[in-house]
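What follows is a short report on a single structure.
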Amino acid sequence: MVETAKFWDKMAAKYAAAPIRDQESYEYTLGRTRSYLNKTDHVLEIGCGTGSTALLLAEDVAEIVATDISPKMTRIALEKAESQQVDNIRFKVCSAYASAQEAAGVDVVMGFNILHLTDDLEGLLDMLHREMSPDSLLITKTPCLSEPSIGFKRFLFRAIIPVLQLFGKAPPVRSLSFKELEETIAGAGFKIVETGSYPAMSRFVVARRT
């Protein structure tokens with residue numbers, strides 16, 4: 001946990017300043033996510049980064065608890081919330097697995113661009129299923145670097161990432177296909193409600209806790 005936190009701490013300022021690479025896909029993801037949210041919902045976001053998505057969705061729900069492993073990322077998120085006068089988000093520093101232990105009683109758990117970065121995806125999903133209430137929703141979006149439909153790019157990504165990791169420029173990454181991701185989510189006891197790919201290599205999944 002310490003090394004991962006240090007990596008994202010170093011990246012925090014650059015991450016916060018970087019523009020969204022695919023604004024159209026990001027906006028579409030927000031729209032699909034909003035379609036499942038209610039004003040009375042209590043939401044847990046795992047891996048919130050600098051809080052951009054939580055801040056955009058805050059007005060659509062009653063409360064968001066947004067967590068991240070990086071203290072610096074979380075600090076930036078809190079500063080953004082204060083400057084925007086958003087008061088229904090609580091930011092916490094903790095790992096994805098520790099976050100999952102707080103999923104009891106929430107209506108929606110969100111995790112955008114985080115599942116492929118977890119050390120134990122199966123363990124995380126199992127913990128979420130144990131803690132979440134029946135009929136609550138899991139809404140995620142995950143880059144899938146082993147997905148055959150993205151063609152030759154998947155080989156480039158898988159070749160480049162180890163080099164970047166060698167120089168401390170990339171965190172540990174799990175390569176998944178769409179099928180593997182969805183089967184892992186379903187295998188933890190969730191029922192897939194919706195899937196989509198925007199952009200092409202990232203799989204948006206909405207699943208219900210059964």
Inset, instruction - Filter the helices (runs of 4 or more DSSP H) completely within segment 1-102 down to those with at least 1 residues that are touching a residue at least 12 places away in the same chain (Cβ under 8 Å) and open to solvent by 80 Å² or more (accessible area, probe 1.4 Å). - result: 2-17, 23-34, 71-83, 96-100
Legend entry - Matching residues, segment 176-203, being part of a helix (DSSP H, G or I), closer than 22 Å to ILE161 by Cα and open to solvent by less than 50 Å² (accessible area, probe 1.4 Å): PHE178, LEU181
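The values are calculated or read from the model by the stated rules, or taken from the named source; none is laboratory data. Here the structure is a predicted model, which is why all the values come from computation and not from measurement. Cβ sites come from the backbone with ideal geometry, for glycine too, and all protein chains shown count toward neighbours. Heavy atoms of the whole protein, side chains included, go into the accessibility calculation; ligands, DNA and RNA do not. Shrake-Rupley method; radii C 1.70, N 1.55, O 1.52, S 1.80 Å.
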